[in-house]
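Contents: one structure, followed by commentary.
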Amino acid sequence: MPPSNSGFQRLSQAALSRSQFLQLAAGALLPFVGLPPSAAAAKNPELAQNGGAPATKDAAASDRMGAILVSQFGPVKIHSYLSPLDGFHVNTQMIEGPTAVVIFDGQLLLPYADEVASYVRTLGKPVDRIILSHAHTDHWSGLQVLTERFPGARVFALDGVADQLRARGQARLDSFRPTYGDRIATKVTIPTETITEGVHRIDGITYDFKRFVDAESDLQLAAVLPEQKVLMAFDLVFSPTEHVFTVVDHFDHWMIVLEQLKAFQGYDTITIGHDTPVHRSAIDSTIIYIKRAKEIHAASADAKAYSESLKAAFPDRQLASMVDFSAKLLYAAHR
Ligand SMILES: [Zn+2]
């Protein structure tokens with residue numbers, strides 16, 4: 001059960017039942033095209049059980065392709081935009097303080113980034129800054145739209161992320177172009193500001209920023225919001241209901257990082273890079289997955305064998321199509 005003080009609840013969601021979603025997920029083999037725009041996020045059963053204040057009607061919700069969750073902590077709200085499946089189910093987190101909004105991550109596909117921007121506008125507060133959690137394309141391609149729509153917002157990332165984007169960003173966009181055409185960014189948005197580890201106060205909200213290497217990506221930001229008892233783990237932690245993205249061979253160190261997250265105190269709820277927020281127990285289920293993936297990787301000669309074995313090992317997890325995608329990158333790195 002989710003912690004009683006987390007209060008994450010669904011404000012709006014494109015209409016899609018869980019069974020419909022599962023059919024889509026099962027049929028959504030690469031390259032993620034041809035899904036109807038209403039292929040929004042699956043409903044997290046934990047969240048469905050979560051009590052709290054009644055859901056509020058959102059005027060724009062009926063047309064929105066993604067899903068929005070809102071959680072209120074006194075004067076602070078965390079708004080989570082979850083993309084449809086063809087956008088990798090990626091989240092953009094919007095932290096709304098008393099006077100401003102801080103945006104974390106920018107979506108893969110431009111139309112979804114545009115929905116994020118339109119939603120932020122409805123909050124009626126300026127965007128203080130945009131923070132990029134790591135250099136994977138599904139988190140930054142849409143920064144092109146966000147920086148166009150919020151030209152005053154500076155883009156922050158950990159030291160090293162801008163270099164990664166300068167080195168590999170354009171090639172990543174080019175690799176997505178055949179699948180997504182003009183829905184993917186045309187240019188790489190390079191962060192111009194560096195975010196440092198440690199405690200920061202932004203618009204009266206405390207963020208304890210953490211820097212991790214060699215996990216799901218080479219370099220990953222996380223943040224504890226102690227007053228809200230929230231860990232923003234991005235792609236360090238995955239939902240127990242979805243496949244974990246294993247795109248690089250950092251299995252051992254990723255498990256070490258997850259043990260470190262477990263040791264942190266002061267949070268109950270984890271917002272993650274893909275899918276709806278999870279409880280601390282999702283760290284253990286992520287470790288179990290990575291441990292198994294490591295074994296399968298050691299025993300598999302190629303991407304196809306790895307992907308098939310991993311899907312067989314976790315038949316009930318959604319986003320099976322992402323396993324093929326991950327396997328391709330994982331094995332390409334070895335050539
Ligand atoms: Zn991701």
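The values are calculated or read from the model by the stated rules, or taken from the named source; none is laboratory data. All values derive from a computational prediction rather than experimental measurement. Methodologically, a virtual Cβ is constructed for each residue, glycine included, from the backbone with ideal geometry; neighbour enumeration extends over all protein chains shown. Protein only, heavy atoms only, side chains kept; ligands, DNA and RNA dropped before computing areas. Shrake-Rupley method; radii C 1.70, N 1.55, O 1.52, S 1.80 Å.
The residue that is farthest from the chain's Cα centre (by Cα), among those in segment 193-216 that are of a type in the set (Asp, Glu) and in a strand (DSSP E or B), is 193. Cβ-Cβ contacts under 7 Å between residues 6 or more apart (or on different chains), taken from a first residue in segment 232-243 that is under 15 Å from residue 267 (Cα atoms) to a second residue that is of a type in the set (Ser, Thr, Tyr) and near the ligand (Cβ under 10 Å from one of its atoms), are listed as 234/133. Screening residue 90 against (1) within 16 Å of the ligand (Cβ to nearest atom); (2) out of contact with any strand residue (DSSP E or B) (no Cβ under 6 Å at 6 or more places or on another chain); (3) modelled with pLDDT of 95 or more leaves a single unmet condition, (2). Looking at the structure I just gave you, is residue 198 within 15 Å of the ligand (Cβ to nearest atom) and not hydroxyl-bearing (Ser, Thr, Tyr)? Judged against the criteria, residue 198 is not a match.
Count, please, the residues in segment 259-292 that happen to be within 16 Å of the ligand (Cβ to nearest atom) and either touching a residue at least 60 places away in the same chain (Cβ under 8 Å) or in a helix (DSSP H, G or I) (or both). So that I can check it myself, show each step before the final result.
Of segment 259-292, the ones within 16 Å of the ligand (Cβ to nearest atom) are 270-278, 282, 286, 289-290.
Subset that is either touching a residue at least 60 places away in the same chain (Cβ under 8 Å) or in a helix (DSSP H, G or I) (or both): 271-278, 282, 286, 289-290.
Total meeting the criteria: 12.
Could you say which residue among 268, 324, 252 is farther than 25 Å from residue 80 by Cα, surrounded by 14 or more Cβ atoms within 10 Å (Cβ to Cβ) and among the acidic types (Asp, Glu)? If you could, list the steps in order and put the result at the bottom.
On the way: 268 fails: farther than 25 Å from residue 80 by Cα; 252 fails: surrounded by 14 or more Cβ atoms within 10 Å (Cβ to Cβ).
It is 324.
Is it the case that some residue within segment 161-170 is buried (at least 24 other Cβ atoms within 10 Å of the Cβ) and either assigned to a helix (DSSP H, G or I) or away from the ligand (no atom under 16 Å from the Cβ) (or both)? Yes, segment 161-170 contains a residue that is buried (at least 24 other Cβ atoms within 10 Å of the Cβ) and either assigned to a helix (DSSP H, G or I) or away from the ligand (no atom under 16 Å from the Cβ) (or both).
State whether one or more residues within segment 121-128 are open to solvent by 30 Å² or more (accessible area, probe 1.4 Å), within 16 Å of the ligand (Cβ to nearest atom) and on the phi < 0 side of the Ramachandran plot. Steps first, answer last, please.
Our first condition is that a residue be open to solvent by 30 Å² or more (accessible area, probe 1.4 Å); within segment 121-128, this holds for 121-126, 128.
From what's left, within 16 Å of the ligand (Cβ to nearest atom): none.
Looking for residues that are open to solvent by 30 Å² or more (accessible area, probe 1.4 Å), within 16 Å of the ligand (Cβ to nearest atom) and on the phi < 0 side of the Ramachandran plot, one finds none in segment 121-128, hence no.
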